[in-house]
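Let me begin by presenting the structure, written as structure tokens, before commenting on it.
The values are calculated or read from the model by the stated rules, or taken from the named source; none is laboratory data. Since this is a predicted model, take the numbers as computed values, not measurements. All Cβ positions, even for glycine, are placed from backbone atoms using ideal geometry, and neighbour counts span all protein chains on display. Only protein heavy atoms, including side chains, enter the accessible area calculation; ligands, DNA and RNA are left aside. Shrake-Rupley method; radii C 1.70, N 1.55, O 1.52, S 1.80 Å.
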Amino acid sequence: MTDLIDTESITQSDLESIFKCVNRPDASPVSGTAACSFQGMGTRTRTTFIKALKQLGVDTIELPAFLDTSEQARDLAGYLDIYYDLYIIRYSDHEKLKAFADYSNRPVINAMSSIEHPCEAIADAYWFDTEVKQLNSSRIVLWGPMTNVLRSWRNVAQAGGAEVEIVSDADDLPESVDLVITDGWPPPLPGRTWQGLTLDHLKEMGHPVLLPTPPFTVGEELLFDPLDYDGFAGYAQKQCLLDVQKAIIEWAIKTPHK
């Protein structure tokens, strides 16, 4: 069993192992009980993880924001591990989430924190790698300030062999770009403004595929409606999120790292 808390140490081998688990016809059954704790809305994350666990035959118990407690992570893990085989946690405090994972003897999957969103990045990377162009021959632009999604995307894309550039303004746009990813802006920093992406920017970068991380905001990270751009990845792009999260669950339970 192993954890997926962040993507700093993710390797090409890890990605290949997860990708191979997606829709694998000879996959062995997964069983047990999972604790799911989703802080905030998490509309797509909650939907796909709960559905993934159901399809895998894993019993699910929801523990709303169970890390919101004065109880030490060591004690939580010590008492709860006897009941659960897996934890899937969406929680803003990355360090508290990581501390719990360090103490738990069960695999812990980060379903989003303030620092990383590994599952979303891996699912999006799988879609791009299998449906558009292989990562190891791609040039990818992350548009805007570093967020949890863009941080995970940078690490995942680099592990997959892609050339990655972080662009926050249009002063020196790269050419021949294959994919542009945006994310919602964090609270503004004093004296710092960010430039929204335009259709002219995309044209200058060679008309790449556009993957705006939902929920996106027209007028902030995007200065046009993405449905007006024929390179928009589209809503159907997120269909693979369910299958990739099933693969991540299988990988986390069956990989002997922890």
In this structure, does Glu250 turn out to be closer than 18 Å to Ile122 by Cβ, acidic (Asp, Glu), open to solvent by less than 70 Å² (accessible area, probe 1.4 Å) and in contact (Cβ under 8 Å) with a residue 40 or more places away in the chain? yes
Which numbered condition Arg44 fails, given (1) open to solvent by 80 Å² or more (accessible area, probe 1.4 Å); (2) modelled with pLDDT of 95 or more; (3) touching a helix residue (DSSP H, G or I) at 6+ places or on another chain (Cβ under 9 Å): (2)
Go through (1) under 20 Å from Tyr126 (Cα atoms); (2) surrounded by 15 or more Cβ atoms within 10 Å (Cβ to Cβ); (3) at pLDDT below 95 for Gln239 and report which single condition fails. (2)
Out of segment 186-205, which residues are open to solvent by less than 50 Å² (accessible area, probe 1.4 Å) and either of a type in the set (Gly, Ala, Ser) or not in a loop (DSSP other than H, G, I, E, B) (or both)? Gly196, Leu197, His201, Leu202
So which residues in segment 226-248 are on the phi < 0 side of the Ramachandran plot, among the small types (Gly, Ala, Ser) and part of a loop (DSSP other than H, G, I, E, B)? Gly231, Ala233
Any chance segment 65-75 includes a residue that's in contact (Cβ under 8 Å) with a residue 12 or more places away in the chain, in contact with a strand residue (DSSP E or B) (Cβ under 9 Å, 6 or more places away or on another chain) and crowded, with 22+ Cβ neighbours inside 10 Å? no
Evaluation of Tyr103 against (1) over 16 Å from the mean Cα position of the chain (by Cα); (2) surrounded by 23 or more Cβ atoms within 10 Å (Cβ to Cβ); (3) among the aromatic types (Phe, Trp, Tyr) (one fails), failing number: (2)
